[in-house]
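Enquirer: What follows is a structure written as structure tokens; I'll ask about it next.
The values are calculated or read from the model by the stated rules, or taken from the named source; none is laboratory data. All of these numbers come straight from a predicted model, not from anything done at the bench. For neighbour counting, all protein chains shown are included, and Cβ atoms are generated from backbone atoms with ideal geometry for every residue, glycine included.
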Amino acid sequence: MQTQALDISALYLSQRLRLQRIIRRLVGNGEAAEDLMHQSFEKLLAALDAKDIENRPAYLTSTARNLALNHLRDIGRRGEVELGDEQFHAVPDSRPSPELVVLHRSELRRVMEAIAALPPRRREVFVLHKFEGLNYDEIADRKGISRNTVISHIVLALADLDRHFVR
């Protein structure tokens, strides 16, 4: 086992740069090339557990080439774009600005206050429909009222909220 570890270490030192160049030529990305080179050695180590491989450099080359082609195919499927550090840092942040967060929280508070101001039964029906996603029949069954009463509560709640925000 100790001899095999030394053989693998020597093989890694002698083959890693060659494999990275091959992979980089195929995928056009140094970071991906390094990752795929390491995956090639992982596959070699896994294969050595099952069988003895006579021509390890050839096995590594074949494995690296296959991994690179799989990588390219996967990128094509996902429509992935690989960016360098400079390009990555130039991409704008998609998170909302602190001002927008404050504005949205303020609006949410206003909406929640308006809903809280609805008459209790109307508020319950409205919350069950809009927030819990129950349909009119489910609300009617749960509350023990008719479907038309549910519709009436929803319509009145929407009218109340509309009046609240038009002020």
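Enquirer: Hey, could you check the stretch 102-151 for residues that are closer than 17 Å to ASP162 by Cα and of a type in the set (D, E, K, R) and say which is surrounded by the most Cβ atoms within 10 Å (Cβ to Cβ)?
Expert: Result: ARG122.
Enquirer: Could you check, for the stretch 104-127, whether at least one of its residues is farther than 30 Å from ARG21 by Cβ, in the same structural domain as LEU161 (by TED's automatic domain parsing) and either among the aromatic types (Phe, Trp, Tyr) or at pLDDT below 90 (or both)?
Expert: To start, the set of residues in the stretch 104-127 that are farther than 30 Å from ARG21 by Cβ comprises 104-127.
Filter once more, keeping what is in the same structural domain as LEU161 (by TED's automatic domain parsing): 104-127.
Okay, now just the ones that are also either among the aromatic types (Phe, Trp, Tyr) or at pLDDT below 90 (or both), so 126.
Checking the stretch 104-127: at least one residue is farther than 30 Å from ARG21 by Cβ, in the same structural domain as LEU161 (by TED's automatic domain parsing) and either among the aromatic types (Phe, Trp, Tyr) or at pLDDT below 90 (or both).
Enquirer: Which one is nearest to SER106 (Cα to Cα), of the residues in the stretch 123-167 that are within 39 Å of the chain's Cα centre (by Cα) and either outside any helix (DSSP H, G or I) or among the polar types (S, T, N, Q) (or both)?
Expert: Of everything passing the filter in the stretch 123-167, PHE131 is nearest to SER106 (Cα to Cα).
Enquirer: Scan the stretch 73-91 and tell me whether some residue there is touching a residue at least 24 places away in the same chain (Cβ under 8 Å), more than 30 Å from ALA10 (Cβ to Cβ), in a loop (DSSP other than H, G, I, E, B) and under 29 Å from the mean Cα position of the chain (by Cα).
Expert: yes
Enquirer: Right, here's the next one. Would you confirm, using the coordinates I've provided, whether ARG24 is in contact with a Gly (Cβ under 8 Å, 6 or more places away or on another chain), in a helix (DSSP H, G or I) and within 26 Å of SER9 (Cα to Cα)?
Expert: Considered against the rule, which asks whether it is in contact with a Gly (Cβ under 8 Å, 6 or more places away or on another chain), in a helix (DSSP H, G or I) and within 26 Å of SER9 (Cα to Cα), ARG24 comes out as yes.
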